[in-house]
Amino acid sequence: MLLMTMMKPMILIWTTWGTKISGGSDGELSGFSNDEDGARPARRQRQRGRGKQAARGRKGKRGPQKPVEPSQEFKLMQSKATSAFIDNDFERAKEYALRAIHINDEMFAPYSLLSEIHLAQGEKQASLTVLMTGAYTKPKDVALWWKIVRMTLERCGDDRVLYREQLLECYGAILRVDKDDVEARYGRAEINRELGNRGRAAHDYERILKISPHDMNALRMLAEVYIDMGHPDRALTHYRESLAYYRSFDVQVEEGFSWSDANIYVELFGYLEKYTEGISELKSVCRWLLGRESETYWDSVQDDDREWDRDDAPRRLEIEDFEPRLYELDTYGSGLPLELRIKMGVYRLRLGERFVKEALEHFSWLEPEGPNRDDMVADYPDLYKDVADALYAEEKYVEALRFYELLQQVDGYGDTPYWMALGHCYRVAGLNSEAEQCYQVVVEDEPENIDARVQLAKMFEELGMSEQAMIYVNQVITLGRKDMERRKDHGLDQGQPLYTMGSLISKFPTQRPATPAKKSTPSTSAAQRQEREKVREANVKHWFHILQSHEVAMREGDEDALREWMIAANRLVQDFRSCKVFYPWDKYVKFFGYSVDARKKALRPRTNEAMEEVEAMAGRLQASLEKEGKGDDAVLASVPQDYRGIDFDRWLDIFLEYALNLAKEGDAEKAYEVVTAAADANVFYHSAQSKMLIHVAWFCTFCIYPKPHGSALLRRVLRLILHILACALIGHDEETICSVSRWFMREYQFTTDAYRLYAALNRMCHGSISWYNSGPSQKFVLRQIKAMDYSLIGEESRRSWFQEKASYTTRDQEGNPVMAKEMDVALLMLYGHMLLVGTSYSTSLNYFYRAYALDPKNPLINLSMALGYIHYGLKRQSENRQYLIMQGLSFLFAYHDIRMASSHPSERQEAEFNVGNAFHLLGLNHIAIPYYERCLTIGEEMVAAGVQIDEHHQENFSREAAFSLQGIYASAGELRMAAAVTEKYLIL
């Protein structure tokens, strides 16, 4: 609203005719807030009395000040305006009235006169605006405010959208004078409901109920508001109180609790999903309204509704307390209103399969197969719709079909949800022809409806009619593209689809009007774009020539060649990444070439679940058509295998070698970026010969390049992942190493080499162990162990020991999950070592023992158990240190015996060193020295025999043993012996 100020009232009035005006204080032009009772004025009052008393805060009478006494000039202008109005000289009367307002805008008389002038001229809107403005000078004149309300309602008629705020202002002014004015509260609550201010509307209805308790009209309105607010429980509380009040009278009160109120009361239980209580209350209230309140014995009959059968026989007569002729027959079955009977049936249906028969008995009163069904459908179409929807929601499609079919003859019910639900019922009933007709009705009525086409495609796919299904799939994809264009025009977010795959009985989104396409002038012509592409292609060929010319020298270590090669590779990679066809909205979208259609397909973003489902269906149908020899092989065969004259395999080599060189130069972050860019390109995941996504079934052995029989697609994937690992190893990036290693364990689940790879890669990375045994890594490996255990035990044991099913991450060629066939020692040892490194020695021993039971002669298992016991014994919290250390030594000597029986000298040397190191750890240096000395002796024998280190996994521990002996001798004061060991073994 515009506020009229005292400075320029005449200008505002002349420029705001037909505009809602408010403002001022009670003594002037008072604008009040209408949100709450007794709210402060919307504008600060004009301060009076600025003397010392005002400064000291002199107390006086609060409230509106008296208006300024009219001056002689004001009286003269008012008198002239009145005379001119009587003489029907409206223009002069208007001029004098405006002057009077300009002189003193706190008097109501000139506003009233000006309003009458406009009314006499037929300007009702201007008359109402002036009267509304003048009403603020008499804020307590309730009759005046009601006059404005009546004029406003007369002016707006049925369409009062533009007058809601004005009506709220009027009702608020009335209620500030009389808070108990029920009519004003009804009016304000109704306006607030129209504006969506449900809380304020509920406040007014609550106040009405305090003024007039158990006013059923207010209670009905309040129930609707609370239902809209999601608080039906509050309305139910009020209804319980009113019901108890009216039932306390011996006779029914006129205009009291009616059948309509009973219907609303019972409906509230449905919103709260209290169906059993709702049925009980429905019976009790209806019994009272029918005059049979004394028959309380019916409250004990909860399993059925025989009380409301049509006849006494047979079920009512089975109740001992029932007296057949005590009440009229029409106070039982036929006395129950049909609306409440259907509601009772719906609630029975909601209670489960046990009460379906009882629910259907209630629904039979609608006579879906009776001779009067046409008249019944015409009289109660809403009830037929409610029954059909309830049966549909409970998946009773055949029963729902009986009621849905009858609604076809009723106008106003053939909307999209109806035809979709009817079509689904026909499909379930095996009536595919009728189902197709229903979906076709939706397609004809809504040419852009996606859901009906999806259902048609599904139906034809199930019937094996792939070609017909493919027609509708293509239509859905086309509509999806239009959907995205329309979304851009409407400025909608990507997460706000215009079409969804929601429930068939829910309301479908309304069809939006098509927006005309915006015509834009292209910034460059087609010829200019072609010329620019030629320049780019020439540049690519130039840089590729430089790359090839320096490639051999670069690999031989030439620094200058490396620099030139890196510059060329960088330019080539940037050009490749700038081609958007290789980086579509989803990396699983295949590469179909460089045409305009292919680019649109690649750049089309994900729409919604419906589109995802259709795309999956399209893949299945395409595969089916190809089996039938109807696939579009010509299109697939025409897909290019190169980019700017360079084949894709060569592009992949450029990406990977460039990334490795970046990692060697220390720029690991950019190396990851380059490898990730290659991994995201769709051409490295799809090929012309492959029409399915990559699926790795088994991973038996690990090597840098897969075996020849593997597909080219598989080789590309593994090469990408392994180059990421290479970059991580060069940059000593433990986090990336662990993350990629977990990918192998997830993709090749229950494969021993995948677990060995995790341990080996972490061993090769020179850094902390924080990522090796981090929380996520431990949890991941533990889930692998649980999945292995789950797949190896019986069904009974699974129910006893497992609370949830295992997570299988690998599937075979048929899509079935691959489960473990035997216990994996490497997996158990990997998790045990994670716990051991984290000083959880006792827990780690549990998994070492499981591995020991499978392979007791394994030297690594024995050594790990020995170290677990020894370290556990050295902890401060250990209860029996001697026992734990003796246990550890027993496994240590078992390990020693196994290794000493080996034919490889390095393994025997390893055993001597590890045993000596264990005694060294325990502080038993005199026992450790002989083992170290034997380790050195074996090392000399290996050198004398010409054993090559690292050949067939041969190692020499002489330096480690010598370093340990050096420390022992030096700490014991034997410096000469320490120096001798140092000079012989530790000096290069």
Paramagnetic reach from Asp897 (point 7 Å along Cα→Cβ, amide N under 17 Å) across the stretch 914-937: 915
Debye intensity ratio in log₁₀ form over the Cα atoms of the stretch 847-988, taken at each q of 0.09, 0.17, 0.19, 0.20 Å⁻¹: -0.31, -0.98, -1.12, -1.18
Going from most exposed to least, what order do His920, His362 have by accessible area with a 1.4 Å probe? His920, His362
If each residue of separation counts as 0.36 nm, what is the full-extension length gain between Gln530 and Lys664 once their alpha-carbon separation is subtracted? 44.3 nm
If I model a spin label at Thr839 and Phe249 as a point 7 Å from the Cα along the Cα→Cβ vector, what separation in nanometres do I get? 8.2 nm
Charge tally for neighbours of Glu434 with beta carbon under 11 Å away, counting Lys, Arg as +1 and Asp, Glu as -1, is -1
Debye, to nearest 20: dipole size of the stretch 372-464, +1 on Lys, Arg Cβ, -1 on Asp, Glu Cβ: 320 debye
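How would Arg99, Arg185, Arg354 line up by accessible area, probe 1.4 Å, largest first?
Arg354, Arg99, Arg185
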Report ³J(HN,Hα) in whole Hz for each residue of the stretch 196-205, in order, from the Karplus equation J = 6.51 cos²θ - 1.76 cosθ + 1.60 where θ = phi - 60°; Gly and Pro get x. x, 8, 5, x, 5, 5, 4, 4, 5, 5
Let me check something: with ligands and nucleic acids excluded, how do Glu448, Glu277 order by accessible area (1.4 Å probe), largest to smallest? Glu277, Glu448
Evaluate the Debye formula for the stretch 372-464 with equal point scatterers sitting on the alpha carbons, no solvent, and hand back log10 of I(q)/I(0) at q = 0.12, 0.18, 0.25 Å⁻¹, in q order, two decimals. -0.36, -0.79, -1.29
Would you check the accessible area of Arg310, probe 1.4 Å, heavy atoms only, in square angstrom rounded to 10? 130 Å²
Past 25 Å, Cα to Cα: identify those pairs from Lys94/Lys124; Lys94/Lys179; Lys75/Lys138; Lys343/Lys458, in the order given. Lys94/Lys179; Lys343/Lys458
By the mean-Cβ-within-10 Å protection proxy, highest first, 563-569, 865-871, 400-406 rank as 865-871, 400-406, 563-569
Express in Å², to the nearest 10, the accessible area of His926 obtained by rolling a 1.4 Å probe over the protein heavy atoms while all chains stay in place. 130 Å²
Expected field for Glu353, accessible surface area in Å² at 1.4 Å probe radius, rounded to 10, holds 130 Å²
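The values are calculated or read from the model by the stated rules, or taken from the named source; none is laboratory data. Everything numeric here is computed off the predicted structure, so don't read it as measured data. Cβ: placed from backbone, ideal geometry, glycine included. Neighbour counts: every protein chain shown. Surface areas here come from the heavy atoms of the whole protein model, side chains and all, with no ligands, DNA or RNA. Shrake-Rupley method; radii C 1.70, N 1.55, O 1.52, S 1.80 Å.
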